[in-house]
Amino acid sequence: MQEILNTQLDERYYCVKHSSGLTVYVMPKANYKSCCAVFGTKYGSIDTTFRKNRNEEFTIVPEGIAHFLEHKLFESEELDAFARYAETGASANAYTSFDKTCYYFTCTDNFDKSLEILLDFVTSPYFTEKTVEKEQGIISQEIQMYDDVPSWRVFFNVLGALYHNHPVKIDIAGTTESIRKIDAELLYKCYNTFYNLRNMVLCVAGNVTVEQVMSVVDKVITTQAELCDLERQMPEEPSEVVTDLVKIELDVKSPVFSFGYKDECDGEKSLKEQLEMQVLLEAVAGSSSELYKKLFDMKLINDAFGSEYFCGNGYASVLFQGESANPEAVAKEIKAEIERLQKKGIDEEAFNNARKLLYGRAIMSLNDVDYIANEMVGCHFEHCGLFESIDIYRSMTLASVQKKLENAFDNERTALSIVAPISKAE
Amino acid sequence: MTVITKELCPSVRSCFIKAESFKIFRISVNMAVPLSRDTAAHYAVLSAMLSRLCHKYPDLTSMNRKLSELYGAALTTDVLKHGDAQIIRLGITALDDRFALEGEEISTMCAELLCEILTNPLLSDYCFREEDVEREKRIILEILDADDSEKRIYAQKKCIEYMCGDDVYGIDRLGTREQISALTAESVFEAWKTLLSKSVVQVNIIGNCDGEKISNLFAQAFTDFGRQTAFELTTKMHLCSGEVREFTERQKVNQSKLVLGYSMGLEKEGENTSAYRVMCDLFGGSPHSKLFTNVREKLSLCYYCSSALRKEKGIMIVQSGILAEKKDTALAEIANQLKKIQDGEFTEDEMSASIKGLVDSFNSVYDSPETLDSWCTSQIKRKEIVTPEHTIAKIKAVTAEQVQQAAQKVRLDTVYFLQGEEAKADAGNS
């Protein structure tokens with residue numbers, strides 16, 4: 001058992017390598033009432049081409065299958081997982097993102113029993129053609145629901161404009177067409193590849209002890225996972241964008257936009273690189289920046305305006321999103337400001353304020369057990385520690401951030417996505 | 001948990017919860033006024049204005065720099081409908097004092113900032129500046145637009161609007177577009193004076209900070225401003241008018257939205273609603289509920305179908321996203337499931353699952369300053385703040401018979417259907 005300590009925050013958590021191959025993290029917080037446990041696998045919507053080991057051919061699966069699998073795992077031959085949780089009072093759910101699938105619960109009582117349910121149902125797949133068919137109805141309604149959400153559409157459209165081949169451009173749930181190609185056999189194939197305990201992690205934060213967690217793990221997980229040699233394949237992605245503008249019309253009242261810069265990315269960005277970009281974005285476009293004030297004064301943005309560094313395996317881009325009567329004008333102002341700052345440099349005070357803000361927010365986020373448990377999952381998959389970001393913010397320099405500004409933004413590689421109200425002419 | 005309440009001046013009180021385990025603290029100022037068609041828009045625009053600028057930090061950049069200096073303190077503003085009251089809520093969440101790099105007392109500085117924002121706004125000739133009011137009018141209008149664009153929010157709003165008709169609860173928390181557009185700097189300035197002098201105020205202070213010192217800052221601020229007799233806040237419970245009314249609207253959307261508005265049959269404010277909470281959870285409040293297991297899992301009709309209470313007004317809402325042609329099937333199944341609870345067709349296990357789930361969620365209120373803050377705010381009209389334990393004890397005491405009775409009192413009042421038609425906007429490059 002390894003202890004990871006941060007003396008400044010007076011916080012610690014523990015990492016245990018279980019004999020099964022599963023890695024377990026626990027952050028005990030005795031003065032909390034609740035507990036959150038997250039059981040995650042490094043498997044998300046972008047993992048559509050893979051092989052279980054080097055001797056096999058690559059398999060290509062339908063888009064949306066990781067998410068479909070997440071839904072299906074809740075079922076079993078007997079009681080489904082929700083019915084079992086009903087006995088403990090825990091509040092349970094799951095989510096699938098681009099690069100991981102996580103099953104979690106929070107509770108203030110009956111922790112051991114709930115953890116037993118979590119570990120058991122995720123490690124006991126049960127699919128039949130009939131239950132797969134039933135799920136297609138539910139998920140196609142989920143997809144249709146998101147099809148009407150302007151912020152969702154504008155986001156995937158900008159990714160479609162930035163990326164030629166990378167599967168990140170596809171909706172996490174897939175499409176109503178792609179999910180029809182999913183059957184029980186394919187689900188088992190994906191399950192057996194990615195739900196290897198060595199590709200998974202269990203993270204718990206809250207009112208528990210390490211011994212308590214490990215005794216449940218020992219009880220439920222009794223077999224040893226086979227060695228994991230899985231390989232994911234991401235397609236070749238050109239550095240150019242697909243198109244610099246994509247616009248659709250929906251039944252909305254006012255336009256929303258997402259404006260992206262495509263950054264170079266082989267493999268994955270380090271935590272340090274990601275945090276430097278966050279500080280940079282806060283300094284350039286955060287609410288105390290000159291750009292923000294200018295856009296606000298020009299009546300081009302409102303409080304919904306924001307930016308993020310969006311990156312993962314084989315993709316990285318800077319995204320600015322918001323609501324605006326004139327998205328083209330917003331994009332133009334952003335480009336001009338980037339160019340100006342590339343020449344003039346980032347103001348030292350702006351940099352320090354941004355750093356201080358993000359440092360504060362990083363500590364603030366460690367207040368919440370749900371956040372901590374989920375964040376530990378992300379950290380494990382990205383091979384970094386939970387407290388690392390705080391140290392990185394403390395030691396970050398203006399020069400390194402300035403360098404990011406010079407490299408990550410190319411005004412020739414941008415795309416603007418707009419969802420606009422249906423034009424009157426129709 | 002102890003809530004220390006203190007009367008700061010007439011109808012202004014502070015609620016302090018000393019919580020040492022958190023890394024953050026939260027302070028919020030909650031000001032309740034009667035919800036009214038004449039003033040809802042004024043207060044909505046005002047709340048946005050106050051949090052944007054003030055005399056001391058007269059532009060966006062200086063205000064936000066101040067917040068960055070306070071280690072990324074988050075200044076938030078909300079406008080809520082709470083029964084027939086409108087609550088204007090300014091809050092700040094920031095890092096606990098012990099993490100300040102240079103020993104600053106962040107909590108006191110944040111409290112001072114809130115007082116400053118409330119009582120010392122940016123003025124010109126003893127009135128708000130035209131440009132500031134116009135800016136916030138635009139912002140509030142854009143929030144209304146965004147609400148309308150999110151069909152789930154839109155459909156629920158429309159249902160409530162139709163359901164309440166002329167009753168004040170039917171109006172949007174932010175007022176109407178027409179009212180917002182008609183506001184002037186003078187009228188919003190008058191609303192500010194009324195808000196500070198006549199609203200019912202509750203200041204929530206949660207965290208490891210000096211509650212006494214912070215309370216005194218607010219006592220001083222409100223006293224200096226001058227208080228008048230505060231508003232009376234009463235709510236008329238929603239009761240059914242008679243037969244079920246149906247409204248259908250067509251839009252170009254992929255998924256149709258079905259929203260059902262029910263009266264809970266409560267006659268007056270402050271009745272014990274514990275049995276309703278259990279009934280609503282059993283009906284459609286959780287993944288083991290009747291609606292989830294039948295409308296979603298068995299019939300595969302939807303991704304979501306859930307129920308929720310707005311108990312301050314005596315309303316229950318059921319909502320679901322479905323295919324247009326499945327409307328009647330969904331309606332029939334929702335009615336069927338409610339009837340089952342009315343007829344007592346639910347097991348002891350189902351009921352105890354709902355009670356356990358509710359107890360768990362009330363227990364988790366203790367684990368964040370934000371949830372404790374909301375908990376206190378929801379009791380702004382009560383004489384004393386009750387703790388989650390108190391509510392838990394009442395939930396645990398609910399019997400199957402009471403659940404059945406609560407369900408029997410519930411009446412369907414309004415059905416709103418947002419019917420989707422030939423949507424699928426094609427992505428076209430231009």
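Taking 28 Å as the limit for the C-alpha separation, the pairs A:LYS253/B:LYS193; A:LYS33/B:LYS66; A:LYS134/B:LYS327; B:LYS157/B:LYS252 exceed it in the case of A:LYS253/B:LYS193; A:LYS33/B:LYS66. A simple count of charges around A:GLY345, restricted to other residues whose Cβ falls under 14 Å of its Cβ and scoring Lys, Arg +1 and Asp, Glu -1, yields -2.
Given a cut-off of 40 Å, what percent of all Cα-Cα pairs of chain B lie beyond it? I get 24 percent for the Cα pairs in chain B exceeding 40 Å. Using the charge dipole of the stretch B:97-170 (Lys, Arg: +1 at Cβ; Asp, Glu: -1 at Cβ; taken about the Cα centre), state which of B:ALA146, B:ILE106, B:TYR126 has its Cα farthest towards the positive end. Of B:ALA146, B:ILE106, B:TYR126, it is B:ALA146. Computed over the Cα atoms of chain A, pair by distinct pair, the Kirkwood hydrodynamic radius stands at 23.3 angstrom. Look at the stretch A:359-372: the mean tally of other chain Cβ atoms within 10 Å of its residues' Cβ atoms is 6. Binning the C-alpha pair distances of the stretch B:4-225 at 10 Å intervals from 0 yields a P(r) profile of 8, 32, 34, 21, 5, 0 %, listed from the shortest bin outward. In terms of overall dimensions, the protein assembly as shown has a Cα radius of gyration and Dmax of 26.9, 82 angstrom. The tail of the calculated P(r) for the stretch A:2-232 beyond 25 Å holds 46 percent of all Cα-Cα pairs. As a test, work out the antiparallel percent of DSSP beta bridges whose residues both lie in the protein assembly as shown, rounded to the nearest 5. The antiparallel fraction comes to roughly 80 percent. For the stretch B:4-225, the relative contact order comes to 39 percent (Cα pairs under 8 Å, sequence separation of at least 6).
In the stretch B:2-136, the ratio of gyration radius to Kirkwood radius, Rg to Rh, stands at 0.99 when only Cα atoms are counted. Computed from point charges on the beta carbon alone (+1 for Lys and Arg, -1 for Asp and Glu), the dipole magnitude for the protein assembly as shown about its Cα centre is near 1320 Debye.
Based on alpha carbons, the Rg and Dmax found for the stretch B:276-331 are 11.5, 34 Å. Of all the options A:ASP47, A:ASP229, A:ASP99, the one that moves most in a Gaussian network model of chain A with Cα springs shorter than 10 angstrom is A:ASP229. Sorting B:373-383, A:341-351 by average packing, meaning the other beta carbons within 10 Å per residue, from highest down gives B:373-383, A:341-351. In the protein assembly as shown, taking the dipole from charged Cβ atoms about the Cα centre, the farthest positive-side position among A:GLY314, B:THR176, A:LEU358 is held by B:THR176. Longest stretch of chain B clear of exposed loop sites (GluC sites (Glu not before Pro), DSSP loop, at most 10 other Cβ atoms within 10 Å, sites excluded): B:103-231. Footprinting exposure proxy ranking of B:CYS280, B:CYS302, fewest other C-beta atoms within 10 angstrom first, gives B:CYS302, B:CYS280. Take the cross-link list B:LYS290/B:LYS311; A:LYS181/B:LYS290; B:LYS257/B:LYS356; A:LYS17/A:LYS169 and give me the ones stretching past 28 Å between alpha-carbons. Listed pairs above 28 Å: A:LYS181/B:LYS290; B:LYS257/B:LYS356; A:LYS17/A:LYS169. Just to be sure I understand: with springs between alpha-carbon atoms less than 10 Å apart, which residue in A:GLU375, A:GLU142, A:GLU276 has the highest mean-square fluctuation in the Gaussian network model of chain A? Top of the fluctuation ranking is A:GLU142.
In chain B, taking the dipole from charged Cβ atoms about the Cα centre, the farthest positive-side position among B:CYS280, B:GLN220, B:VAL201 is held by B:CYS280.
Take every DSSP beta bridge whose two residues both sit in the stretch A:245-421; close to 75 percent of them are antiparallel. Rounded to the nearest 20, the Cβ-based charge dipole of the stretch A:94-253 about its Cα centre (Lys and Arg +1, Asp and Glu -1) stands at 120 debye.
For the stretch A:5-77, which trypsin sites (Lys or Arg not before Pro) are both in a DSSP coil and crowded by at most 10 other Cβ atoms within 10 Å? Listed in order of number, the matching sites are A:ARG54. Once backbone amide H atoms are built at 1.01 Å from N, A:GLY312 has A:LYS269 as its partners under 5 Å, excluding neighbours fewer than 5 places away on the same chain.
Here chain B is assigned +1 on the Cβ of each Lys and Arg and -1 on the Cβ of each Asp and Glu. Its dipole about the Cα centre then comes out at about 660 debye. Scaling against 2.2 N^0.38 Å puts the C-alpha radius of gyration of the stretch A:20-83 at 1.58.
Readers should treat all values here as calculations from the given coordinates under stated rules, not as data from a laboratory. If you're wondering where the values come from, they're calculated on a predicted model, not measured in any experiment. Please note: Cβ atoms are built from the backbone with ideal geometry, for glycine as well, and neighbour counts cover all protein chains shown.
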